[in-house]
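First up is the structure itself, then whatever we jot down about it.
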Amino acid sequence: MFGSLRLQRMPSAHPGIALAARVAALVIALVVAGIGVAVAGMNPFELGGRVLSASFGSAFGLEDLGVLVIPLILTGLAVAVGQQVGAWNIGAEGQFYAGAFAATAVGLFVPGPQWMILTLMFIAGVVGGAVWILVPTLARAYANVNELITTLLLNFVATLLVYYVSTGPWRDRSGMANSATPPLSADVPYFWGIVHWGFPIAIGLAVLVALVLAFSKWGYEVRLVGSNPSAAKYAGIPVRKHLITVMLLSGAIAGLAGMLEIAGTVHRLQGGISNNFGYLGIMVAVLARGSPLGVIFSGALMAFILNSGIILQTQGLTTSVVLAITGFILFLTAIGDELSYYRVVREKV
Amino acid sequence: MDILTGLLTTAFLAGGVLALAALGEVLAERVGVVNLGVEGLMAMGAITGIATVTSVPSPMLGFLAALVVGALFGMLFAAATVLLRANQVLCGLALTLMGTGLASTIGRNYSGMPAPVTFEPVLALLSRNFGMLEKAQVIAAPPSAMLPYCSGQPQLIASGEW
């Protein structure tokens, strides 16, 4: 007899099955979206072809992707780094704004040569992001306050702060832009086309963090704290110290993303500048399964999805449709990821 | 209407909505699920409500329809996170994107349109039914008038006898 079939959860997912689940999720989501588009009276294959040719068919398309991928890799890295130590940083959005805010303060009000201002802006962005996560970090480390909530709540504070300064005290009074600050005095130089030096910085940082976490004693201890805090404590590892350091690092990386975005891409501070990069960073990190090296690839995938959305908007689809499709893809991906841990086994009777 | 009156009115109106959303979230947290998709559920409920009362002028029907749609999306979330045990944070954020995206897609035709029918303000309802009309000034009442509101006896405030 064959016996009955049963689902068994495996301790780890087979890489091939995991990849297949990802692809299946993407395909199902695109088919459903395609049916929706067809019902709305558009040709999904033609739209798909346009997206591909506009993204990869020209240097301009690739440059657009390159610009988008910088903040996504960095905010994804920020969240992934937090996960390594067992902390959920949902506040990358706020730290992004805080970094942008601090860097703008330097760019607007500090006189000096270009290289000096850029260096100061860099430092300001990093410090701004770290300061923004400081209170949630200390609250988690000393009072065990859930950082999921505290980091999230500070997002709204940072978002509104940036709205306030860019439409209020710091607004451009020359009449060129009403709801933004004047252009900053220093720009991150271009690396390739319109892609600035943030691109190699973001990838380099992700690789560096991955190497340090994988091969240093510090990285080993951090990973141990993340996977089992009690065991780490028993082994004499300073759990609290690692938690604080890594969470501050996470905020600093998100702040750097904000600094690079204003100094490299937008060149002035304005409300809504983050484009939800902070929240998208959470998805980038989860898609990479918390791997710092993986965020480079999942960041690229997310950049492609976002860029496809921008292209689709020029083809008559609205932002909200694109948003819904993105959500659907991620929803199915989350399910597919979990299902890849299961396998069908045959029970002998 | 001085500044304080306006401020308090807004606080009461916005606070009620937040409290409802928070109540939903608390229920989920009670069973150990973090539902970051509340934003999406709210958006879907809002568009369902407005779409329903636009076609059928009954606020109660809009209310019920919004409940049903919210429950349906909640079921989708529960199926993914509880039955299949998919990542709660990712599913929640995905639900927020899906909900807000879908709601604003459907809602494009309704945007900027005032609702044809609404629920009667609580105060008007109370005054008509209990004959406490003229002096009913909830918000303009002194701070002590806020206490019964907190203790769940709004009809006392409506009397305006403070």
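None of the figures in this text is laboratory data; all of them are computed from the coordinates on show. Predicted model, so just to flag it, every value in this text is computed and none were measured. Reconstructed Cβ throughout: ideal geometry from the backbone, glycine too, with neighbour counts over all protein chains shown.
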* Divide the volume of the convex hull of the Cα atoms of the range A:110-187 by its number of residues and quote the answer in cubic angstrom per residue. => 109
* To do: Apply the Karplus parameterisation 6.51 cos²θ - 1.76 cosθ + 1.60, with θ equal to phi minus 60°, to every residue of the range A:73-86 and state each ³J(HN,Hα) to the nearest whole Hz, in sequence, with x for glycine and proline.
  => 4, 5, 5, x, 5, 4, 5, 5, 4, x, 4, 4, 9, x
* log₁₀ I(q)/I(0) of the protein assembly as shown at q = 0.07, 0.08, 0.09, 0.13 Å⁻¹, via Debye over equal Cα point scatterers, no solvent, to two decimals? -> -0.47, -0.61, -0.76, -1.39
* **Cα-based shape type of the range A:118-163, given that a ≥ b ≥ c are square roots of the gyration tensor eigenvalues and the cut on a/c is 1.5** => oblate
* Structure fact -> Non-local residues with an amide H under 5 Å from the amide H of A:ALA180, with H modelled 1.01 Å from N and Pro and chain starts lacking one, are A:ASP172
* the protein assembly as shown - charge dipole about Cα centre, Lys and Arg +1 at Cβ, Asp and Glu -1, debye rounded to 20 -> 1220
* Asked: If you build a Gaussian network model of chain A, linking Cα atoms that sit under 10 Å apart, which residue out of A:SER298, A:SER53, A:SER12 swings the most?
  -> A:SER12
* Counting only Cα, what are the radius of gyration and maximum Cα-Cα distance Dmax of the range A:24-178, in Å? -> 20.8, 58
* Structure fact -> Shape descriptor, the range B:51-114: equivalent ellipsoid semi-axes (Cα gyration tensor, sqrt 5λ, whole Å, largest first) stand at 28, 15, 6
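Just to be sure I follow the definition: excluding the sites themselves, where is the longest run in chain A that has none of the trypsin sites (Lys or Arg not before Pro) in a DSSP loop with at most 10 other Cβ atoms within 10 Å?
Values: sites that count: A:ARG173, A:LYS348.
The reported range is A:174-347.
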* Asked: Can you give me the Cα centroid spacing of the range A:229-250 and the range B:48-75 in angstrom?
  -> 48
* Structure fact -> Rounded to two decimals, the Debye log10 I(q)/I(0) of the range A:69-298 (Cα scatterers, no solvent) at q = 0.12, 0.15 Å⁻¹ is -0.61, -0.91
* Could you list the square roots of 5 times each eigenvalue of the Cα gyration tensor of the range B:3-107, that is, the equivalent ellipsoid semi-axes, sorted largest first and rounded to whole Å? => 25, 19, 12
* Structure fact -> Magnitude of the Cβ-charge dipole (Lys and Arg +1, Asp and Glu -1) of the range A:69-298 about the Cα centre, nearest 20 debye, reported as 440
* Structure fact -> The summed charge of the A:ILE70 Cβ neighbourhood (under 13 Å; Lys/Arg +1, Asp/Glu -1) stands at -3
* Asked: Distance from the Cα centre of the range B:1-38 to that of the range A:283-349, in angstrom?
  -> 31
* Structure fact -> Listed by chain and number, the residues whose amide H is under 5 Å from that of A:TYR342, excluding neighbours fewer than 5 places away on the same chain and using placed H, are A:MET10
